[in-house]
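The next block holds one structure in the form of structure tokens; read it before the comments.
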């Protein structure tokens, strides 16, 4: 229940013309990152969990610890909401040793993002509770439209097993969801299907005129052939989006298997579907190459109800097995977000990381090229690394702890889909956030450390530890380092099959390495291997986890590794990096430079001291580390809040700049983590919400306008948060007025009355 505040004014009329003084924040002793790292860590590196199933260097899969498939997405209020089949429900019922047969799945999962690499898991839509008549809920497709009531309405279509299509609706992507029909939208008994045996896998779209369309279908219709099954259907939806405004029409989709989808681009309807596993080259009658088995193809038209108008455009997304994953079924969703097209899909990558047998799927995303003028989709495939961030995470804003890139031994609490949080499941559990931007880089780029502390690094040896996952014949794998002197420092390993190998390069004290070089395999062997670690000078190890396929391929992250400090050279840009040796720390590090105007490790330092505040429940310690679970310690936060969430802060720090991944590491089990924020410890003038350096009636007026929504912003909203609850309310306004009155020796007394949840405020003159 919301509390209501009442004010009782004293008889005497009092002036509000006086300003109040500075309200200092808690004075914390600031220390540099280096000083923080020197502190005794309460969590040893050996205790930090390695039970992550997602490579820390990859952004795929999207979900780090649970299974989901058949993606669809919708944009709302600057965020992209992703929905999918809840494979994890099947996994929890049947277990890891049983293959995924989908019959237990009666819910859909929801995630969201605003940067494409950190995803918030909001929980499950329990479709069987919303629509108790369902058999299953698979393969959703979602669209939205602003309706006459001024609200955005969401229409979520889903497969009711292979028996038909259902639909649920909401006015928020997180629900609550309702069942508008109380029955399937489409079933096998729906009139006019013309023999479609499996009317499932819906694909929905709304065109530029606000008209909705729905495609679906699989199986072989009466009279259909392997080449032309004849079961793809499209229909124009009614104004209510839950009825039909046309007959069902056929889409002539060769080798149709499943996974229908619709897009609308530049006045053109785009139909995408998954082909079957057969050899499509045996019969193909179109002006494009025949697609590979179980790949995604697309067709286009401007008149979707005319079967003869559909044009086959060819393959647009290959099967995951052709991209280095296990072969699996294929289901994609193409989405434009922030002026870039993305392809969502699923693979078996996460289950591989877990080491389980069942074919449980996980959603992934990669960029895709679309020419909107010609409505041409460039054929591509998935990657393990995934996409790059489209914006950095602002550490100075409150961040939900459930918005993350990776986890180990963490579980989600989604009792509130709007505000989920994490719980540690073991000592050493951690979560990570990608691309946290503390400061932006300037021109020219400069190191974040004192260059005097770094000396020219001489490299005597480099040893690569690799894992060969696929090779077609015995071969000699060679690493050819590149140095300015052009010295031949090639190292080799005889590869006889899959397994672990070591390649050592004798660098002979090489200086100013221009790049790490490249790998080749003899006899034209086709090989796939992962560089697990790189050991420099027998002492300094770098965890790379970089996968290479075939021969003479460059390793992302190993390209152009320069010594940026030799001979007074400036730090190079782009993907370049440098070995650097710190005399004070006696360590070699990989130093990453960035192009002008980008953020990176070379960005200017955070000059003001700052403190990290976390909202936690439990007893123990949370360590915040940079760029790896065992990376450099940024700060440590200790707490004793076993019964309720509390906001706690660590030691203040300075000396961080650029963009980093943050790892939150927990000392024990059952620690709940709901939010985090970095805050400046600089002195703040309380009440100065307009940030003009003066506290006056103008600030009262500004806060009043903000509270009644006459304005959406304040220059410094935290200056008005008198009770420190992170929310500006009328109570803060009352306290601001009271503080102004305090210059006239007015005392503010609070009397809380528990009945009626009423909070009484009394302003009384000062007494002796």
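Filtering region 60-89 to residues that are surrounded by 24 or more Cβ atoms within 10 Å (Cβ to Cβ) and in a helix (DSSP H, G or I) leaves only 87. If the condition is being touching a strand residue (DSSP E or B) at 6+ places or on another chain (Cβ under 8 Å), surrounded by fewer than 22 Cβ atoms within 10 Å (Cβ to Cβ) and modelled with pLDDT under 90, then region 36-54 contributes 37, 39, 41, 42. Taking the numbered list (1) in the same structural domain as residue 321 (by TED's automatic domain parsing); (2) closer than 21 Å to residue 672 by Cα in turn, residue 379 passes all entries but (2). Scanning region 692-737 for residues that are surrounded by 18 or more Cβ atoms within 10 Å (Cβ to Cβ), within 34 Å of the chain's Cα centre (by Cα), touching a residue at least 24 places away in the same chain (Cβ under 8 Å) and outside any loop (DSSP other than H, G, I, E, B) returns 719, 720. The set of residues in region 200-226 being surrounded by 14 or more Cβ atoms within 10 Å (Cβ to Cβ) and farther than 23 Å from residue 73 by Cβ consists of 219, 220, 221, 224. Applying the condition of being over 24 Å from residue 249 (Cβ atoms) and either assigned to a loop (DSSP other than H, G, I, E, B) or in contact (Cβ under 8 Å) with a residue 60 or more places away in the chain (or both) to region 271-290 and asking which residue is nearest to the chain's Cα centre (by Cα) yields 277. The residues in region 170-219 that are in contact (Cβ under 8 Å) with a residue 12 or more places away in the chain, in a loop (DSSP other than H, G, I, E, B) and touching a helix residue (DSSP H, G or I) at 6+ places or on another chain (Cβ under 9 Å) can be counted, and the count is 3. How many residues does region 653-691 hold that are part of a loop (DSSP other than H, G, I, E, B) and touching a strand residue (DSSP E or B) at 6+ places or on another chain (Cβ under 8 Å)? So the count comes out to 12.
Of the residues in region 103-110, at least one is surrounded by fewer than 15 Cβ atoms within 10 Å (Cβ to Cβ), out of contact with any helix residue (DSSP H, G or I) (no Cβ under 7 Å at 6 or more places or on another chain) and either modelled with pLDDT under 90 or in the same structural domain as residue 165 (by TED's automatic domain parsing) (or both).
Does residue 213 count as at pLDDT 95 or above and touching a strand residue (DSSP E or B) at 6+ places or on another chain (Cβ under 6 Å)? Answer is yes for this residue. Only a single criterion out of (1) closer than 17 Å to residue 437 by Cβ; (2) modelled with pLDDT of 50 or more; (3) out of contact with any strand residue (DSSP E or B) (no Cβ under 6 Å at 6 or more places or on another chain) is not satisfied by residue 595, namely (2). Among the residues of region 111-161, the ones that are part of a strand (DSSP E or B) and closer than 22 Å to residue 216 by Cβ come to 16 in all. Listed by first and then second residue, the pairs with beta-carbon distance under 6 Å, at least 6 apart or on different chains, first residue in region 483-496 and assigned by TED's automatic domain parsing to the domain that holds residue 507 and assigned to a loop (DSSP other than H, G, I, E, B), second at pLDDT 90 or above and exposed (fewer than 13 other Cβ atoms within 10 Å of the Cβ), are 496/474. The set of residues from region 633-665 being modelled with pLDDT under 90 and under 21 Å from residue 427 (Cβ atoms) comprises just one member, 650.
The values are calculated or read from the model by the stated rules, or taken from the named source; none is laboratory data. Everything quoted here is computed from the prediction, not taken from an experiment. Glycine also receives a Cβ, built like all others from the backbone with ideal geometry; neighbour counts cover every protein chain displayed.
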